[in-house]
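Reviewing the structure listed below.
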Amino acid sequence: MSKIDISIVIGGPQGGGIDTSSNMITRAFSYSGFPVISVREFHSNIKGRHSYVHLRVKDEKPKSFRYPVDVLVALDPDTIFEHFEDIGKGSKIIYDTEFETSDLSQARMIMRDTAQRIKNELESKKQPLNIKGVLNLMKENGGIPIGIPFSKVVTSVVSEGPATRYFNTLGASVTLSILGVDKDSTKSAIKDIFGNKEKVIEPNLKVVDSSYDYCETNGFKIRDLGKMPAKKVMLLTGNDGAAIGKIIGGLRFQTYYPITPASDESTILEEHDSIKWLEEESQNLKRGGVTVIQTEDEISAITMACGAALTGTRSSTATSGPGFSLMAEGISFAGMDEIPVVITMYQRGGPSTGLPTRNQQSDLLFALNTGHGEFPRIVMSSGDVEECIYDSIKALNYAQRYQLPVIHLIDKTLANTTEVVDSIDPDLVPIIGRVSPEKGSEIKRYSLNTENGISAMGTFGNNIFWMTGDEHDELGHVTEDSMMRDRQMEKRFRKIETARKEIPVSEMAQIIGDEKADITLVTWGSQKSLVIDILDDLSREGIRAKLLYLRMFQPFPSEFVSEVLKKSRKVISIESNMTSQAATVIRTNTGIEIKNNIVKYNGRHMTEDELLSAVKKIIEGKSEREVLRNGA
Amino acid sequence: MAHNFRTDLAIDWCPGCGDFGILTALTQALSESGTDPRNVVLASGIGCSGKTPHYVNVAGIHTLHGRAIPFAVGIKLANPNLKVLVTSGDGDMLGIGAGHFVAEGRRNVGLTVMIYDNQVYGLTKGQASPTMTLGMQTKSLSKPNIFGSINPITLALSAGYTFVARGFSFDTKQLKDIIKRAMVHEGSSVIDILQPCPTYNNVNTMEVFRKKVYKLEDDKDWDPVITNSNEEQLMEKYQQAYKKGMEWDDRIPTGIFFENRTVPSFPKRISEHSKSYLENPPALQVVSDEHGKSIVDPMKTFADRIV
């Protein structure tokens, strides 16, 4: 068990430097040798509304998040109001003493329904409707408020600019100081973040000193954390991972229309479009970079990516639910015309605009069924940042190998989670190309002379051939011949059987934990690591359980899943949606109904505390279905 | 042996259809342009115009309704060495595909966009298309058209197309010359082609158009070309193009309305920040060595993420 296990929430107004604070905290812990995991929660808003980062630090790589937090850092009064439920015994609440006069009625950026809930809580506990009232409430729950005169701490050392400019550095520094992170690590983090902007670094370093001094003088420091051997690591989000994997995997053309939480991937690709090459391997090869195009809509994004793919370029697009809806006709075309294209689909809260900046896993069935007509596709999903990297390479490979649309699902929590990645080894997933015809030849693009359903793929610029969204003959011309229709349909569907044979089962589903345990937890996506933590928690309480982790839904590993579930006494599905969609996929493919389900659809990431208690409740037979509701 | 630009497929357009003239002009233009047929891609949308690629012996893609432009842009940007032409209908391009049509004006990727303009949706039995004028009633409409019409010429000018022309499908010589010139133009071009539908448009027939059309180039002083970015010249050329573009009721001009050679094409704009783009565009890059090893150094490419 981890000796160090610290949970932190740092919150403030959107656009108020929360990301910078969290980045400082993450980097400072990394310099001290402690790995951090963090996830961003924010409103669909540019400036003003409550945004926060939930972090966890351990002496071994943390995998999940939990409440209550050990430290709540409030850069505005709203943060204290919003997180009134997240405080437990010994939790420190760091805030600006100036907030003490704030009234709930003044907190106009808190959603009306949230404000009403806070009001009800305060009234029921006979507390005043202001910060003091919430702090009293927190104290009742064991919280320890630490008021700090933010302005004074800043202006005692820095005179230029408004003091508020440094509040994010102050919030991070006070947190790090209280938790006993050494000052040098904190200063290294500051230098990282502000790059070579000397003029910015200098006053920020002064604020670090001043914050550390203030905490020291007032005896706020809990302990000396000490230092572990720190090695160079990468700090990557799911968005980063997908972008990195795509570049390694040979992506050279990406399209997108701006949408949360998908467009970060494309802007990351834009920022890194000048690729750095392995000199030895690439010196005699034609190398260039990635072309990233922002399109007029998602219909254009998918069809443009398809167009590029037809020149032989590895192409993809990235989107989220609403954009994916618009892509339906393009995906159907890619299925019909056998176009190798990857759609990275970042799931967020639906239906419709839904919860545009919040987590959900409610597009699995949609991904499996998007587009009119029947056509083969691959639908895969990633569960942590490393998987985002390697799965993105695989997705490009599958698209080329089987000439079909590959839908790669990533959820919002994973997209916005920052994890420590020790290193990246591209050799883990070699690049697989497509079956190509002779150059210059006029080809039968849809040749039926193929056992595995894969025909040699001509490319524009090399071959003359035709394509159409209509049913077509081997040359690619329109046909309505009943026999040719049957043969082309059957040829296309043979590819999915070929994929099922060629792709190792371990790429589709995995057992993690005690294989012999007869309690099986089933999950997919960002809950993967969390459920691994739950397995540990359960085993500490003497409960043996294993995880059936799903990674591919088309083709689906029916036999494997069926075997595992048949041998299980208790099966619990854990998903961030309302209708247990993966459980539905399992039932469709195996006929096995999973009767116990844990779901969460409020848009916030699942946490260890709530999931553990729900799992235990079900194991003890006290409940069949649990809805999780944590998160501000 | 000269490449035969026609395939041997049976053509299923109606007898008397204006599309035949366009097909003739297009294949002649391709043949006379001397382009390697393997470097040409013809993209179309849905409708009668959408069938064109199947009849032309170059690589062809018959895409989705309204989506020919984004497919074509993807092809062109992945490999800017290719000549990419688009054949589309008025409903295809100015109705369901209008968003892409306008966006392409901003991009100026270098497509040759042909709009088969007959004011009706032929393949679905003659509904009014976006270019049918208000109050017009063709034989399959139960009531006169209650929509106003889009003017393809002035819309193309407003959207930023750098080459705007109109042809008439029964004047294949002029149309062929326009297509050839559009193919040489570096930016994106639009050719609105009057293409009478003999089955559903009994108002604007071949005979009606024949009486109304006249050629801009017959006026010796007509010069639509912009060769330098002089503000005054730009204003003058735009104004005359809009003015001619507004003519419709009695006389309909054909020929080249506007040709601006000063706007950099999208591939050139990309190459301004991606220096190797034109030399090594996405389609010509090699992504792995012969053993399938990626040639990317991820740690160096993403060095900014290392702590």
Using unit Cβ charges (K, R positive; D, E negative) and no other charged atoms, how large, in debye to the nearest 20, is the dipole of region A:435-503 about its Cα centre? 340
Do me a favour and compute the ellipsoid semi-axes for region A:561-632 from its Cα gyration tensor, root of five times each eigenvalue, largest one first, whole Å. 22, 15, 9
To the nearest 20 debye, what is the magnitude of the charge dipole of chain B about its Cα centre, counting +1 on the Cβ of each Lys and Arg and -1 on the Cβ of each Asp and Glu? 440
Specify, per residue and in Å³, the volume enclosed by the convex hull of the alpha carbon atoms belonging to region A:473-557. 122
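If contacts are Cα pairs under 8 angstrom and at least 6 residues apart, what is the relative contact order of region B:19-278 in percent?
Relative contact order, region B:19-278: 18 percent.
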Give me P(r) over region A:497-545, computed from all C-alpha to C-alpha distances, binned every 5 Å, as integer percentages. 5, 18, 25, 19, 13, 10, 6, 3, 1
So what is the relative contact order of region A:506-627, in percent, for Cα pairs below 8 Å that sit 6 or more residues apart? 26
Just to be sure I follow: if Rg is taken over the C-alpha atoms of chain B and Rh is the Kirkwood radius over the same atoms, what is Rg/Rh? 1.02
Extent of region A:435-503 along each principal axis, from alpha carbon coordinates, in Å, largest to smallest? 32, 30, 18
From the P(r) of region B:121-252, can you give the percent of Cα pairs sitting at distances over 27 Å? 25
Provide the three semi-axes, in whole Å and in decreasing order, of the ellipsoid equivalent to region A:191-271 as defined by the square roots of 5 times the Cα gyration tensor eigenvalues. 38, 17, 13
Relative contact order for region A:466-514: what is it in percent, counting Cα pairs under 8 Å that are at least 6 residues apart? 20
Please name which of B:Cys48, A:Met336, A:Asn136 has its Cα lying farthest along the dipole of the protein assembly as shown towards the positive end, using unit charges on Cβ (Lys, Arg +1; Asp, Glu -1) and the Cα centre as origin. A:Asn136
Applying the Karplus parametrisation 6.51 cos²θ - 1.76 cosθ + 1.60 with θ = phi - 60° to the phi angles of region A:515-523, what ³J(HN,Hα) value in whole Hz is obtained for each residue in order, glycine and proline being reported as x? 4, 8, 4, 9, 9, 10, 9, 10, 8
For the protein assembly as shown, whose charge dipole is built from +1 on Lys and Arg Cβ atoms and -1 on Asp and Glu Cβ atoms, the candidate among B:Met114, A:Thr291, B:Asn260 with its Cα farthest towards the positive end is A:Thr291
Sites matching trypsin sites (Lys or Arg not before Pro) across region A:225-267 that sit in DSSP coil, with at most 14 neighbouring C-beta atoms within 10 Å: A:Lys227, A:Lys231, A:Lys232
Taking amide H atoms as placed 1.01 Å from N in the peptide plane, list the residues 5 or more away in sequence, or in a different chain, whose amide H sits under 5 Å from that of A:Glu626. A:Asn597, A:Ile598, A:Val599
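What is the Cα convex hull volume of region A:210-337 when expressed per residue in Å³?
Looking at region A:210-337, the number lands at 198 Å³ per residue.
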Return P(r) of region B:237-307 (all Cα-Cα pairs; 5 Å bins starting at 0; whole %; ordered from short to long distances). 3, 11, 11, 11, 11, 10, 8, 7, 6, 6, 7, 6, 3, 1, 0
Past the 26 angstrom mark, what percentage of all C-alpha to C-alpha distances in region B:1-149 do you count? 27
Can you tell me what percent of all Cα-Cα pairs in region A:289-389 are more than 18 Å apart? 48
When the Kirkwood hydrodynamic radius is evaluated over all pairs of different C-alpha atoms of chain A, what value in angstrom, to one decimal, is obtained? 26.1
Measure nothing but the geometry: give the 0 to 90° angle between the long axis through the Cα atoms of B:172-184 and the longest principal axis through the Cα atoms of chain B, rounded to 10°. 20
Pairwise label distance in nanometres, B:Thr227 with A:Glu98, each label 7 Å out on the Cα-Cβ vector: 6.5
Angle, helix B:19-33 long axis vs. longest principal axis of chain B, Cα atoms, 0 to 90°, nearest 10? 40
Sorted by mean Cβ packing within 10 Å, highest first, what order do the peptides B:146-156, B:66-76, A:381-391 take? B:66-76, A:381-391, B:146-156
State the volume of the convex hull built on the alpha-carbon positions of region A:524-585, expressed per residue in Å³ and rounded to an integer. 92
Of A:Lys546/A:Lys617; A:Lys47/A:Lys246; A:Lys394/A:Lys600; A:Lys183/A:Lys231; A:Lys595/A:Lys617; A:Lys63/A:Lys394, which ones are farther than 21 Å apart at the Cα? A:Lys47/A:Lys246; A:Lys394/A:Lys600; A:Lys63/A:Lys394
Using the charge dipole of region A:443-588 (Lys, Arg: +1 at Cβ; Asp, Glu: -1 at Cβ; taken about the Cα centre), state which of A:Ile443, A:Gly542, A:Val564 has its Cα farthest towards the positive end. A:Gly542
How much length is gained on full extension from A:Asn196 to A:Glu451, taking 0.36 nm per residue of separation minus their Cα-Cα distance? 85.9 nm
Please list, by residue number, everything in region B:141-161 whose backbone N is under 11 Å from a paramagnetic label point 7 Å out along Cα→Cβ of B:Asn202. B:141
Kindly put A:Val200, A:Val153 in sequence by how many other C-beta atoms sit within 10 Å of each C-beta, fewest to most. A:Val200, A:Val153
When averaged across all projection directions, what area in nm² does the alpha-carbon convex hull of region B:70-140 cover? 5.2
Can you compute the equivalent ellipsoid semi-axes for region A:506-627, i.e. the square root of 5 times each eigenvalue of the Cα gyration tensor, sorted largest first and rounded to whole Å? 20, 16, 14
What does the structure give for A:273-281 when I average, per residue, the other chain Cβ atoms found within 10 Å of the residue Cβ? 6
Can you sort B:Leu194, A:Leu521, A:Leu225 from fewest to most other Cβ atoms within 10 Å of each residue's own Cβ? A:Leu225, B:Leu194, A:Leu521
Two decimals is fine: what's Rg over Rh for region B:26-96, C-alpha atoms, Kirkwood radius as Rh? 0.97
Size of electric dipole in the protein assembly as shown: Cβ of Lys, Arg +1 and of Asp, Glu -1, about Cα centre, debye, nearest 20: 960
Rg/Rh ratio calculated on Cα atoms of region A:5-217 (Kirkwood radius): 0.96
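All of the numbers you see were taken from the coordinates with simple rules; none came from a lab. Quick caveat, the model's predicted, so the values are computed rather than measured. Every residue, glycine as well, gets a Cβ built from its backbone with ideal geometry; the counts of neighbours run over all protein chains shown.
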